[in-house]
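The values are calculated or read from the model by the stated rules, or taken from the named source; none is laboratory data. Owing to the predicted nature of the structure, the values given are computational and were not obtained by experimental measurement. Cβ placement follows ideal geometry from the backbone for every residue including glycine, while neighbour counts extend to all protein chains displayed. All accessible areas refer to the heavy atoms of the entire protein, side chains included, with ligands and DNA or RNA removed. Shrake-Rupley method; radii C 1.70, N 1.55, O 1.52, S 1.80 Å.
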Amino acid sequence: EAGVAQSPRYKIIEKRQSVAFWCNPISGHATLYWYQQILGQGPKLLIQFQNNGVVDDSQLPKDRFSAERLKGVDSTLKIQPAKLEDSAVYLCASSRAGQGGGTQYFGPGTRLTVL
Amino acid sequence: GENVEQHPSTLSVQEGDSAVIKCTYSDSASNYFPWYKQELGKGPQLIIDIRSNVGEKKDQRIAVTLNKTAKHFSLHITETQPEDSAVYFCAAGSNDYKLSFGAGTTVTVRA
């Protein structure tokens, strides 16, 4: 079974520029998550999708971050404009729907550096 | 929201010794407690998890214990090997699938 795919793996941009990340979850996984992992910290949830609907985006900085999951499969996360403090690894994870908390499987992440 | 604290932040052990990492959580509604291992340049990988209806779970050299009354859970790695060197994260979640992660423990196994 293929794992969660993410691209690009690395991205370097100047502050105020825009950037987009792509995620393809494990086949059949209805729930998709985007996390931000700042160096030396644990992952922090940004947004959670169930199929193509948003379940929770309470920690997403909506003035600059946006995410979509059209057709309930692939997802993109966009930052516009980027700030220095956005430098982090952006992780995508997916899980099956179900009760009791679904096991989340993570992709390799995209390391973003904002100069 | 849920707050997960993890200790220690770094842990150095001699190969063959045991390693123990402890976490506490704040939300009594949390009922799912996974542990992830993250190697350099990779995403977190699930190594073991436990649900609130179980007090202990073991998988070969790895075991997790849960004390719901005290709101803490621990990871135990026995007979450590160099390949166990990594950053380990605990997390807590509930039926809405949201996970709150600890800050991580960097484990170094000395040969």
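Taking θ as phi - 60°, what are the ³J(HN,Hα) couplings along region A:42-52 by the Karplus curve (6.51, -1.76, 1.60), each to the nearest whole Hz, with x for Gly and Pro?
Values per residue, Gly and Pro as x: x, x, 10, 5, 9, 7, 10, 10, 10, 6, 9 Hz.
With all protein chains present, how much of the accessible area of region B:11-82 (probe radius 1.4 Å) comes from carbon and sulfur, to the nearest whole percent? Mind dumping the intermediate values first?
On the way: 1710 of 3740 Å².
Carbon and sulfur: 46 percent of the exposed surface of region B:11-82.
Principal axis lengths of region B:30-93 from Cα atoms, whole Å, largest first?
Extents along the principal axes: 34, 24, 16 Å.
Could you tell me the extents of region A:21-75's C-alpha atoms along the three principal axes, largest first, rounded to whole Å?
That gives 32, 23, 18 Å along the principal axes, largest extent first.
Would you mind counting up the charge near B:Gln45? Only other residues with Cβ under 11 Å from its Cβ, with Lys and Arg at +1 and Asp and Glu at -1.
Numbers: positive: B:Lys37, B:Lys42; negative: B:Glu39.
Once all neighbours under 11 Å are counted, the net charge is +1.
Using a 1.4 angstrom probe, figure out how much accessible area region B:25-111 has per residue, in square angstrom, rounded to the nearest whole. Kindly include the intermediate steps, with their values, before the conclusion.
Values: 4010 Å² over 87 residues.
In whole numbers, region B:25-111 has 46 Å² accessible per residue.
With solvent modelled as a 1.4 Å probe, how much accessible area in total do chains B and A shield from it at their shared surface, in Å² to the nearest 100?
1700 Å²
Protein chains only, probe 1.4 Å: how do B:His72, B:His7, A:His29 rank by accessible area, largest first? Walk me through the numbers on the way to the answer.
Values: B:His72 75, B:His7 110, A:His29 10 Å².
Most to least solvent-accessible, the answer reads B:His7, B:His72, A:His29.
Need one number: the % of Cα-Cα pairs in chain A sitting beyond the 19 Å mark.
Details: 2639 of 6555 pairs.
In whole percent, the long-distance tail amounts to 40.
Plugging the Kirkwood radius over Cα pairs into Stokes-Einstein for region B:22-67, at a temperature of 37 °C and a viscosity of 0.692 mPa s, what D comes out in µm²/s?
Numbers: Rh = 11.8 Å.
D = 277 µm²/s.
In vacuo Debye scattering of chain B, one point per C-alpha: log10 I(q)/I(0) at q = 0.21, 0.23, 0.24 Å⁻¹?
Those come out to -1.11, -1.30, -1.39, one per q.
Using the Karplus curve 6.51 cos²θ - 1.76 cosθ + 1.60 with θ = phi - 60°, work out ³J(HN,Hα) for each residue of region B:18-23 in order, rounded to whole Hz, and write x for Gly and Pro.
Taking θ as phi minus 60°, the curve returns 9, 10, 10, 10, 10, 9 Hz for region B:18-23.
Using the 2.2 N^0.38 Å rule of thumb for compact globular proteins, work out how the protein assembly as shown stacks up: its C-alpha Rg over that value, please. If you can, show how the numbers build up before the last one.
Values: Rg = 17.5 Å, N = 226, 2.2 N^0.38 = 17.3 Å.
The reported ratio for this selection is 1.02.
With charges only on Cβ, +1 for K and R and -1 for D and E, what is the dipole size of the protein assembly as shown about its Cα centre, in debye, rounded to 20? Don't jump to the answer; show the numbers that get you there.
Working: 24 positive and 22 negative charges, 93 e Å.
Here the size comes out at about 440 debye.
Taking H placed 1.01 Å from N in the peptide plane, check which residues at least 5 places from A:Val55 or on another chain put their amide H under 5 Å from its amide H.
For A:Val55, whose amide H was placed from the backbone, the distant partners under 5 Å are A:Gln48, A:Phe49, A:Gln50.
Which ³J(HN,Hα) values, rounded to whole Hz and listed in residue order, are derived for region A:25-34 from phi using the Karplus coefficients 6.51, -1.76 and 1.60 in 6.51 cos²θ - 1.76 cosθ + 1.60 with θ = phi - 60°, glycine and proline given as x?
x, 5, 4, x, 7, 7, 9, 10, 10, 10
Could you give the semi-axes, largest first, of the ellipsoid that matches region A:1-48, computed as the square roots of 5 times the alpha carbon gyration tensor eigenvalues and rounded to whole Å?
On the way: eigenvalues 100, 43, 23 Å².
In descending order, the three semi-axes are 22, 15, 11 Å.
Return one whole number: the accessible area per residue of chain A in Å², for a 1.4 Å probe.
Details: 5610 Å² over 115 residues.
I get 49 Å² per residue for this part.
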